[in-house]
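Inspection log for the structure reproduced underneath, given as structure tokens.
The values are calculated or read from the model by the stated rules, or taken from the named source; none is laboratory data. Model, not experiment: these values are computed from the prediction. Methodologically, a virtual Cβ is constructed for each residue, glycine included, from the backbone with ideal geometry; neighbour enumeration extends over all protein chains shown. Surface areas here come from the heavy atoms of the whole protein model, side chains and all, with no ligands, DNA or RNA. Shrake-Rupley method; radii C 1.70, N 1.55, O 1.52, S 1.80 Å.
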Amino acid sequence: MQGKFLEELSVGQSAELVRTVGEADIIAFAEVTGDTNPVHLDADYAATTSFGQRIAHGMLSAGYISAVLGTQLPGPGAVYLTQALRFRRPVKIGDAVTAIVTVTEINEAKAQVTLSTVCKVNGKAVVDGEATVMVPRKAA
């Protein structure tokens, strides 16, 4: 399976996916990463924080960005080089997170593409940033 080649990309192209964060997602993320911060896993502890309830790991939302880059735009064959992130708002259990990536720059000489990356809940950014990926060229 091959994603888009460098020659098939243009500034402004965009792709997105929507995932609803569930209890099982948070538990699985904690198990896989070892991030067992109680703000994610312990309702009693989380109630004492400024959030007032459990929240999802910020990097879970970042993972949704990775999913868009690796499966849709540019898709299979793309290689992550950099990702800058700003965590804007908490994501709660039951929130539908929309991850959106948009091509902002194409460096043909290096076969690299820069994309704006954002995750939104109810139209508000919860995570935003910028990614750079290396993209395969079409065979000559």
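Using a cut-off of 18 Å between alpha-carbon atoms, which aspartates and glutamates can reach LYS120, once sequence neighbours fewer than 8 places away in the same chain are excluded?
GLU16, ASP25, ASP95, ASP128, GLU130
Give the lysines reachable from LYS110 as a straight Cα distance under 25 Å; neighbours fewer than 8 places away on the same chain don't count.
Within the straight-line limit of under 25 Å, LYS110 reaches these lysines: LYS4, LYS138.
Magnitude of the Cβ-charge dipole of the chain, K/R +1 and D/E -1, about the Cα centre, nearest 20 debye?
About 300 debye.
Can you tell me the accessible area per residue over the chain, all protein chains present, probe 1.4 angstrom, in square angstrom?
53
Can you tally the net charge around SER116? Count Lys and Arg as +1, Asp and Glu as -1, for every other residue whose Cβ sits under 9 Å from the Cβ of SER116.
-2
Using the alpha-carbon atoms, what tilt in degrees (0 to 90, nearest 10) does helix 23-33 show relative to the longest principal axis of the chain?
Orientation of helix 23-33: about 70 degrees from the principal axis.
Roughly speaking, what is the centre-to-centre gap between segment 1-20 and segment 83-140 when only Cα atoms are used, to the nearest Å?
Comparing the Cα centres of segment 1-20 and segment 83-140, I get a distance of 10 Å.
With angles folded into 0 to 90 degrees, how steeply does helix 58-71 sit against the dominant principal axis of the chain? Use alpha carbons for both and round to 10.
The two axes meet at around 30 degrees.
If you average 1/r over every pair of different alpha-carbon atoms in the chain and take one over that average, what Kirkwood value in Å do you get?
Radius from the Kirkwood sum: 15.9 Å.
Would you mind calculating the relative contact order of segment 57-109 from Cα pairs under 8 angstrom and at least 6 residues apart, reporting the percent as a whole number?
47
Roughly to the nearest percent, how much of the accessible area of the chain is carbon and sulfur, given a 1.4 Å probe?
51
When the chain is treated as a GNM, springs tying every alpha-carbon pair under 10 Å, which of VAL91, VAL32, VAL113 comes out with the largest mean-square fluctuation?
VAL32
Counting Lys and Arg as +1 and Asp and Glu as -1, what is the net charge of the other residues whose Cβ lies under 14 Å from the Cβ of SER10?
Computed value for this residue: -3.
Taking the Cβ of ASP25 as the center, what net charge do the other residues with Cβ under 15 Å away carry, scoring Lys and Arg +1 and Asp and Glu -1?
With Lys, Arg at +1 and Asp, Glu at -1, the neighbours total -1.
Pick from TYR64, TYR45, TYR80: which residue has the top mean-square fluctuation in a GNM of the chain where Cα pairs under 10 Å get a spring?
Taking springs between Cα atoms under 10 Å, the residue moving most is TYR45.
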